[in-house]
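Shown next, in structure tokens, is the structure this report addresses.
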Amino acid sequence: MSSYAELKQIFDAKGVVILDGAIGTQLQEMGVPMDNTSWAASGLRDYPFTIQRMHELYVKAGAQVITTNTYSSARHNFEPLGLGDFTREFNLRAVMLAQNARERAGGGGRNVWIAGAISGFGITTGGESVRALHRYSRPRSHITAETAQANLNEQAEIIAEAGVDFLLIEGTGENTHRKWMIEACRRTGLPFWLGFRVRLDALKEPRIGYSSAKGFAQALDEVLSDDLAGVSIFHSSIAAVDPALAVLRGKWKGLIGVYPEAERHDYTATWHDHGEENAIKPDEYASMAKRWVAGGAQLVGGCCGIGVPYIEKLVAALPKRAI
């Protein structure tokens, strides 16, 4: 059993910590179909042992932090499937599968921490829709801001109760939803990291989300607070990482994480990944990650398309301590 205090000691000593890679695309590779409404969370119903095995593979690859399959497991993502009553069970299951994997894989004698993912996936309120920004998602009715916040609070409470070591806010859109996630995580009393999806505009300036006009610097000014355990650049294009990292370092003196996506362009309407030869390779990714560590990142992993082989390369290539 590990605690966040032990992880923080590593960070405070300038240690570099390896996060796991993608959840959804790694599960796809292992035969788990994605659902256009609940994405990877639907696998919690029918493929629990494959999910556990995925976590085990990441631990065996050298990941020191594994992420629960809860990115899209808030109540509003299950209700359209008639599974709203299973929200608590599925979120508990996600955490316990990660815990079981940690115990089975062993970590080679090293500590392994469990991060509980929280996101705004599936929230559609007014004109600001995370769902609408996912290119191949199924249309759905809006939910009220009050319902969205209640669902996020519920999910964060369940995950915290189940025993994660800390929470990862994985915000892909505007700050409205990000603020709701911050409050939901804050209510649990657990340490939490705040994540941003960042892209470059036509002038190569970092902006948040898929289509937001808001600059990354402005977004940071709106939500940074002293009680954040860390801030991460995640699910972003690789090209956006270096400019975003420079902005983040100018605004935030605390812990920084980086885990972008592989920038594949071969997703179909069913989110099935057929492979793409020009996607970044594991060796290339590890080489870029060295630069991110030199730029201040201490938690490094991967998002969509960055699977187990990439994490193995990160473990071999990255220094144990940040410069």
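Before moving on, here are some points about what is shown:
- Inspection of the range 93-104 finds no residue satisfying the criterion of being basic (Lys, Arg), in a loop (DSSP other than H, G, I, E, B) and out of contact with any helix residue (DSSP H, G or I) (no Cβ under 6 Å at 6 or more places or on another chain).
- The residue that is farthest from Gln99 (Cα to Cα), counting only those in the range 1-27 that are polar (S, T, N, Q) and surrounded by fewer than 22 Cβ atoms within 10 Å (Cβ to Cβ), is Gln9.
- Residues within the range 206-265 that are free of Cβ contacts under 8 Å to residues at least 40 places away in the same chain, basic (Lys, Arg) and either in contact with a Gly (Cβ under 6 Å, 6 or more places away or on another chain) or within 22 Å of Ile306 (Cβ to Cβ) (or both), tallied: 1
- Answer residue from the range 4-27, given it is of a type in the set (A, V, I, L, M) and over 19 Å from the mean Cα position of the chain (by Cα) and is farthest from Ile311 (Cα to Cα) among those: Ala5
- Residue within the range 255-265 that is hydrophobic (A, V, I, L, M, F, W, C), over 20 Å from Gly21 (Cα atoms) and in a loop (DSSP other than H, G, I, E, B) present: no
- Close pairs (7 angstrom Cβ cut-off, 6 or more residues apart or separate chains): at pLDDT below 80 in the range 269-292, of a type in the set (S, T, N, Q) and buried (at least 19 other Cβ atoms within 10 Å of the Cβ) anywhere: His272/Gln28; Asp273/Thr25; Asp273/Gln28
- Residue match in the range 156-172 (condition: under 18 Å from Trp292 (Cα atoms) and surrounded by fewer than 19 Cβ atoms within 10 Å (Cβ to Cβ)): no
- Within the range 13-31, the residues that satisfy the criterion of being assigned to a strand (DSSP E or B) and among the hydrophobic types (A, V, I, L, M, F, W, C) are Val17, Ile18, Leu19.
- Number of positions in the range 164-177 that are part of a strand (DSSP E or B) and not small (Gly, Ala, Ser): 5
- Positions within the range 68-80 being closer than 13 Å to Leu44 by Cα and either among the basic types (Lys, Arg) or in a helix (DSSP H, G or I) (or both), in sequence order: Asn77, Phe78
- Screening the candidates Arg93, Arg75 for the property of being over 15 Å from the mean Cα position of the chain (by Cα), on the phi < 0 side of the Ramachandran plot, at pLDDT 95 or above and surrounded by 23 or more Cβ atoms within 10 Å (Cβ to Cβ) yields one hit, Arg75.
- Failed item, numbered, when Gly126 is tested on (1) of a type outside the set (Asp, Glu); (2) more than 22 Å from Ala94 (Cβ to Cβ); (3) modelled with pLDDT under 95; (4) surrounded by 18 or more Cβ atoms within 10 Å (Cβ to Cβ): (4)
- Tabulated pairs, the range 145-169, first over 19 Å from Ile114 (Cβ atoms), second outside any helix (DSSP H, G or I) and modelled with pLDDT under 95, C-beta under 7 angstrom, 6+ apart or interchain: Ala145/Thr125; Ala148/Ile123; Ala148/Thr125
- For the range 178-200, filtered to residues that are part of a helix (DSSP H, G or I) and within 15 Å of the chain's Cα centre (by Cα), the residue that is nearest to Ile66 (Cα to Cα) is Cys185.
- Residue check for Tyr58: within 19 Å of Leu19 (Cβ to Cβ) and not in a helix (DSSP H, G or I): no
The values are calculated or read from the model by the stated rules, or taken from the named source; none is laboratory data. Everything quoted here is computed from the prediction, not taken from an experiment. Glycine also receives a Cβ, built like all others from the backbone with ideal geometry; neighbour counts cover every protein chain displayed.
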